[in-house]
């Protein structure tokens, strides 16, 4: 597997003991971030080639949900990250070297939206700024970047994310039949 026998990787993971110490957990999280970068790079290629479709999946996200055991939200985050890495390879390089964390990449991907090509033009400079920031700082910088990109883009407004529900608060007139249970065709509760 991947040029290394599967048993070797399994053995390393099985033998890994993570002490309950902040430095040890931080180190393991940093290693996991670097592995996430490699997974995203592979997903970027699969997504671009339609490779997941060969399994019968209708999309990369659908494949991640069925074969990867991901939730819908997690699958969408992986796909956004993979597409970001494909459009802006400097992000993948920084992520893979430990210069950006998985949380930072998620914050970047969540804010690039429809501006992937524009972001790719500026990714070198932006990644240099983001590197020393934490996730919250990265999110703030990227929100500001997206606001500027939205202001410069004459294209269509961004689509509403799928699955988002908007509820409008309205007031019903006192004479509305839905104001009381009886008026709604329901029996009175006696309260």
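Looking only at residues that are over 27 Å from residue 128 (Cα atoms) and surrounded by fewer than 15 Cβ atoms within 10 Å (Cβ to Cβ) in the stretch 67-95, which one is farthest from the chain's Cα centre (by Cα)? Can you show your working first?
Filtering the stretch 67-95 down to residues over 27 Å from residue 128 (Cα atoms) leaves 67-73, 75.
Going one step further and asking which of them are surrounded by fewer than 15 Cβ atoms within 10 Å (Cβ to Cβ), we end up with 67, 69, 71-73.
Numbers: 67: 18, 69: 15, 71: 11, 72: 10, 73: 7 Å.
Looking at the filtered set, the residue picked out is 67.
From 151, 139, 117, which residue is touching a helix residue (DSSP H, G or I) at 6+ places or on another chain (Cβ under 9 Å), outside any loop (DSSP other than H, G, I, E, B) and surrounded by fewer than 17 Cβ atoms within 10 Å (Cβ to Cβ)?
Details: 151 fails: touching a helix residue (DSSP H, G or I) at 6+ places or on another chain (Cβ under 9 Å); 139 fails: surrounded by fewer than 17 Cβ atoms within 10 Å (Cβ to Cβ).
Result of the check over 151, 139, 117: 117.
Output the residues belonging to the stretch 20-51 that are surrounded by 10 or more Cβ atoms within 10 Å (Cβ to Cβ) and farther than 26 Å from residue 94 by Cβ.
50
Any idea how many residues of the stretch 85-138 are in contact (Cβ under 8 Å) with a residue 60 or more places away in the chain and under 14 Å from residue 44 (Cβ atoms)?
3
Go through the stretch 96-106 and give me each residue that's buried (at least 24 other Cβ atoms within 10 Å of the Cβ) and part of a helix (DSSP H, G or I).
Listed by number, the residues that qualify are 104, 105.
Laboratory data are not the source of any read-out in this text; all were calculated from the coordinates shown. In this text, all values refer to a predicted model and were calculated from it rather than measured experimentally. So basically every Cβ, Gly included, is an ideal-geometry build from the backbone, and we count neighbours across all protein chains shown.
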